[in-house]
Amino acid sequence: MMPVTELRGAIPIGIAMNLDPLGVYAASVIGSSLISIPLILTFRHILSFIRGISFLKNISKKIDNKIEASMKKLKSASVLGIILFVGIPLPTTGSWTASAIASILHMRIRDAFIGIVLGNMMAGVIVTGISMHII
């Protein structure tokens, strides 16, 4: 659940500690995915607070209008984008950043959660394979 490493750091550490790789994978995916729902809700409250600040109101309105216009075209691709964003195990492409992106893009919590879970599963398989010297 830690914002920087998430499962990308937990899986190699768990495997290095001779823990069961399947157990490490499952705990890492579950832990990294469950944090996304509170994060999405928190980021939404932060964004609404920022929209209420007078000198940021015009900027946030322009950004919201631009996002609103492009989201009509990309509604179905946004879940796939979250899956790929989280699923490629690079630094800063985990649940925390994906939750912020989902909040900014006004995604439904269910869609964002599904994308984050599938992405975490994909990243977990890749990181586990690399940690076990399979990939």
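The values are calculated or read from the model by the stated rules, or taken from the named source; none is laboratory data. What you are looking at is a predicted structure, and each value in this text was computed from that prediction instead of being measured. Quick reminder, even Gly has a Cβ in these numbers, built from the backbone with ideal geometry, and neighbours come from all protein chains shown.
If you filter the stretch 114-135 down to residues that are free of Cβ contacts under 8 Å to residues at least 24 places away in the same chain and not β-branched (Val, Ile, Thr), you find that the one that is surrounded by the fewest Cβ atoms within 10 Å (Cβ to Cβ) is His133. Can you spot a residue in the stretch 49-67 that is surrounded by 13 or more Cβ atoms within 10 Å (Cβ to Cβ), among the charged types (D, E, K, R), at negative phi and within 19 Å of the chain's Cα centre (by Cα)? Within the stretch 49-67 (the criterion being surrounded by 13 or more Cβ atoms within 10 Å (Cβ to Cβ), among the charged types (D, E, K, R), at negative phi and within 19 Å of the chain's Cα centre (by Cα)), the answer is no, since none of the residues qualifies.
Within the stretch 84-115, count every residue that is hydrophobic (A, V, I, L, M, F, W, C) and under 16 Å from Arg8 (Cβ atoms).
Filtering the stretch 84-115 for residues hydrophobic (A, V, I, L, M, F, W, C) gives 84-86, 88, 90, 96, 98, 100-102, 104-105, 107, 109, 112-114.
Restricting the remaining residues to those that are under 16 Å from Arg8 (Cβ atoms) gives 84-86, 88, 90, 96, 98.
Adding up the residues that qualify gives 7.
In the stretch 47-57, of all residues being in contact with a helix residue (DSSP H, G or I) (Cβ under 8 Å, 6 or more places away or on another chain) and aliphatic (A, V, I, L, M), the one that is farthest from Arg108 (Cα to Cα) corresponds to Leu56. Residues being hydrophobic (A, V, I, L, M, F, W, C) and under 30 Å from Pro21 (Cα atoms) are entirely absent from the stretch 53-76. Only residues that are in a helix (DSSP H, G or I), surrounded by 12 or more Cβ atoms within 10 Å (Cβ to Cβ) and free of Cβ contacts under 8 Å to residues at least 60 places away in the same chain were counted in the stretch 1-45, giving 11. Look through the stretch 85-113, keep the residues that are within 10 Å of the chain's Cα centre (by Cα), free of Cβ contacts under 8 Å to residues at least 40 places away in the same chain and part of a helix (DSSP H, G or I), and return whichever of them is surrounded by the fewest Cβ atoms within 10 Å (Cβ to Cβ). Checking each candidate, the answer is Thr97.
Going by the conditions given, is His133 outside any helix (DSSP H, G or I), at positive phi and at pLDDT below 90? Walk me through how you get there before you give the answer.
On the way: outside any helix (DSSP H, G or I): yes; at positive phi: yes; at pLDDT below 90: no.
So His133 does not fit the description; no.
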